[in-house]
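Shown next, in structure tokens, is the structure this report addresses.
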Amino acid sequence: MTNIENDTPVDDGANTEADAAEAANPAQGENDELAQLAEQVAALQQDLLYARAETQNVTRRKDKEIADAHAYAATKFARDILSVADNLGRALAALSEEQRADEAIKPLITGLEATERELLSVFERNGITRIAAIGLPLDPNQHQAMLEIPSDKTPGTIVQEMQAGYMLKDRLLRPAMVGVAKAG
């Protein structure tokens, strides 16, 4: 409360308990204030650590995404070119021994074989590898079972490959389509 005439504070005797406690022990009020400030500093330090960790995680994720984008940029193209390799392989497999011995088409066969070797070499340079299948147990991460075939092999063993599967580095481009040995 103030005196209206000269705006000087007037003590009306209505001190709060906090004022009374502070007046009785001024060091206690300072200690409470220091404790509150220390808590605020600790909370801000914790927030800063979380923010730094989150920033590092975002940076790490960004770097991994960039590396993956570079490593796997040609995935769609690689999938598309697999059909070319399949058709070239089928063309060569369809040739009989008589056709291979025919001198008239021998240069054509030599050219097809050279093209297949070059294509496989390009695959190798770019990290595209063929998935092994025949004689191995079925791996659903790399093989797609198309049918069961009666066989004397252990059930679940791959006994026929209908279409080759391929990996691009450590990612599956296309699963191998296979026939597996049937139980009993």
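The values are calculated or read from the model by the stated rules, or taken from the named source; none is laboratory data. As the structure is a prediction and not an experimental result, all values here were calculated from the model. Cβ sites come from the backbone with ideal geometry, for glycine too, and all protein chains shown count toward neighbours. What goes into the accessible areas is simple: the full protein's heavy atoms, side chains included, and nothing from ligands, DNA or RNA. Shrake-Rupley method; radii C 1.70, N 1.55, O 1.52, S 1.80 Å.
Ignoring ligands and nucleic acids, what accessible area does ARG61 show with a 1.4 Å probe (Å², nearest 10)?
Counting only protein heavy atoms, ARG61 exposes about 120 Å² to solvent.
Which whole-Hz couplings ³J(HN,Hα) result when phi for each residue of segment 145-157 is put into the Karplus expression 6.51 cos²θ - 1.76 cosθ + 1.60, θ = phi - 60°, listed in order with x for Gly and Pro?
With the stated coefficients, segment 145-157 comes to 6, 9, 7, 9, 10, x, 7, 8, 6, 4, x, x, 7 Hz.
With a Förster radius of 35 Å, plug the Cβ-Cβ distance of GLN99 and TYR72 into 1/(1 + (r/R0)^6) and report the FRET value to the nearest 0.05. Before the final figure, lay out the partial values.
On the way: r = 40 Å, r/R0 = 1.14.
For GLN99 and TYR72, the calculated efficiency is 0.30.
What is the distance in Å between the Cα centroid of segment 154-176 and that of segment 45-61?
Each part reduced to its Cα centre gives a spacing of 42 Å.
Could you list which residues have their amide H under 5 Å from that of ILE128, counting only those 5 or more apart in sequence or on another chain, with H placed in the peptide plane?
LYS169
Exactly which GluC sites (Glu not before Pro) in segment 32-134 are in a DSSP loop and have at most 13 other Cβ atoms within 10 Å?
On the way: sites: GLU33, GLU39, GLU54, GLU65, GLU97, GLU98, GLU103, GLU113, GLU116, GLU118, GLU124; in loops: GLU103.
For GluC sites (Glu not before Pro) across segment 32-134 that sit outside H, G, I, E and B with at most 13 neighbouring Cβ atoms in 10 Å, the list reads GLU103.
Per residue, how much accessible area does segment 56-165 have with a 1.4 Å probe, in Å²? Could the numbers behind the result be given before it?
Numbers: 7730 Å² over 110 residues.
On a per-residue basis, 70 Å².
Given the Cα-Cα distance of GLN28 and THR157 and 0.36 nm per residue of separation, how much length would full extension add, in nm?
Working: separation 129, 0.36 × 129 = 46.44 nm, distance 8.07 nm.
Gain on extension, GLN28 to THR157, equals 38.4 nm.
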